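Below is one structure, written out as structure tokens, with a few remarks after it.
Any read-out appearing in this document is the output of simple, stated calculations on the displayed coordinates, not a laboratory observation. All values reported here derive from a predicted model rather than from experimental measurement. A quick note on method: Cβ atoms are made from the backbone with ideal geometry, for glycine too, and the neighbour counts reach across all protein chains shown.
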Amino acid sequence: MLDKRSRLLLKTLVERYIIEGQPVGSRVLAKISGLELSPATIRNVMADLEELGFVVSPHTSAGRVPTPRGYRLFVDSMLTVQPLEAGESELIHGQMQIAEPQRAIQTAAHLLSNLSHFAGVVLTPRRTSTFRQVEFLRLSERRVLMIVVAPDGDVQNRILLTDRPYTNGQLTEAANALNQHFAGLSFEEARTRLERDLLQLRSEILALMNVAVRAGAEAVGHNEPVVISGERNLIGVSELTADMDKLRALFDLFEHKARLVGLLDESSRSEGVQIYIGGESQMVPLDEMSMVVAPYEVDGRVVGTLGVIGPTRMAYERVIPIVDITAKLLSSALSREE
């Protein structure tokens, strides 16, 4: 669609605008493009690019800025992804050496935010209600800590309030019974079978097992579906907070997480790093917002998505490798053999 000269000028304009955030004029492009063209010739090319929808002239300036369509062409065919600096790569590798799944997910969100200076988001795996092992620890006369080990090694704790005191021996007996009869099932399945099969156990042990499987089933639906870090970094981005409607839409996205979960869940169906640019993508609620996302896996199966949310005026060549390597290292951390 565009000749070589037009493509180079558009690339130069986008790169300059990403760095400075100010409309780029023809005289500036004449100096920095490396093309021996007069400002008048460049103005003609810019007029053509504007007519094609790749750039626009803000009413307050004679210079031009990229449109979402211009960013899309730049990202798809003009972008040269830069390798991460050695220090950044070492930081990510070092901090992602985590065995505990929930901590690994939290760390990934923080790294994405800290390195991009925007918001880092991780769509957490849909938590299954199955358990691999249960243990009980007596806290006080009528308070018991239930320790649940999930099939992926994630460990969760629940405090049970019992209607009678239990000895350590009784707690061990109840845990052994749950693990022997129900390990690998969901808590809901364990609850149904426990009520149906009436295992040959003493009544007090059955009572404790009933309390445990009810608490486990109720807790499953309360895991946080998406982890967000650094959303307040976006307050300093004028393009996203220039008026109250944009600011409200931005923070509605983070506060009412169902929309954000939907965006990330949709993107998990694609392979590798994907870039969604506001305006030209129905995925993104603001024209001035972009998402750079990638799926992550556990043992070869996609279980979630992570990425960076920021302005369309972001350094894509730097954010893309940050998202890519974080997704791979989170996959590695969650798939690591115990």
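What's the whole-number percent of alpha carbon pairs in region 1-48 lying beyond 14 angstrom? All intermediate terms of the calculation are to be shown ahead of the outcome.
Details: 494 of 1128 pairs.
Counting every Cα pair in region 1-48, those more than 14 Å apart make up 44 percent.
Computed FRET efficiency, Cβ-Cβ of Thr172 and Ser335, R0 45 Å: what is it to the nearest 0.05?
On the way: r = 32 Å, r/R0 = 0.71.
Efficiency computed from Cβ-Cβ geometry: 0.90.
What do you get for chymotrypsin sites (Phe, Trp or Tyr not before Pro) in region 150-200 restricted to DSSP loop and a cutoff of at most 14 other Cβ within 10 Å of the site's Cβ? Walk me through the intermediate numbers first.
Working: sites: Tyr166, Phe182, Phe187; in loops: Tyr166.
Here no chymotrypsin sites (Phe, Trp or Tyr not before Pro) fit, given the DSSP loop and packing criteria.
Counting Lys and Arg as +1 and Asp and Glu as -1, what is the net charge of the other residues whose Cβ lies under 12 Å from the Cβ of Val237?
Details: positive: Arg232, Lys246, Arg313; negative: Glu231, Glu239, Glu288.
Neighbour charge sum, excluding Val237 itself: 0.
Just from its helices, what would the mean residue ellipticity at 222 nm be for the chain, if runs of 4 or more DSSP H residues each count -39500 (n - 2.57) and the sum is divided by every residue, rounded to the nearest 500 deg cm²/dmol? Could the numbers behind the result be given before it?
On the way: 13 runs with 164 residues, N = 338.
Helices in the chain give a 222 nm mean residue ellipticity of -15500 deg cm²/dmol.
Assign one of three labels to region 293-338, namely rounded, prolate or oblate, based on the Cα gyration tensor with a ≥ b ≥ c the square roots of its eigenvalues; rounded applies when a/c is under 1.5, prolate when it is not and a/b is larger than b/c, and oblate otherwise. Can you show the working numbers first?
On the way: a/c = 3.83, a/b = 2.49, b/c = 1.54.
Judged from the Cα gyration tensor, region 293-338 comes out prolate (a/c at least 1.5, a/b above b/c).
Among 98-111, 235-248, how do they line up by average Cβ neighbours within 10 Å per residue, starting with the highest? Mind showing how you got there, number by number?
Values: 98-111: 19.0, 235-248: 13.4.
With the highest mean Cβ count within 10 Å placed first, the list reads 98-111, 235-248.
Computed on alpha carbon atoms, what radius of gyration and Dmax characterise the chain, expressed in Å?
Over the chain's Cα set, Rg and Dmax evaluate to 26.6, 93 Å.
For Thr124, what residues show an amide H to amide H distance below 5 Å, using hydrogens built from the backbone and excluding near sequence neighbours?
Distant-sequence amide H within range of Thr124: Val226, Val227.
For region 103-147, divide the Cα radius of gyration by the Kirkwood radius and give the resulting Rg/Rh value with two decimals. Mind dumping the intermediate values first?
Details: Rg = 17.3 Å, Rh = 13.7 Å.
Taking Rg over the Kirkwood Rh, I get 1.26.
At Val302 and Asp243, where each label point lies 7 Å from the Cα along Cα→Cβ, what is the point-to-point distance in nanometres?
3.6
With just the Cα atoms defining each centre, how far is region 76-143 from region 177-213? Give it in Å.
Distance between centres, Cα-based: 33 Å.
Grab the other residues whose beta carbon is less than 11 angstrom from that of Gly272, score K and R as +1, D and E as -1, and report the net. Please list the in-between numbers first.
Working: positive: Lys328; negative: Glu271, Asp324.
Result for the local shell: -1.
How large is the Rg to Rh ratio of region 25-106 when both quantities use alpha carbon positions and Rh follows Kirkwood?
1.26
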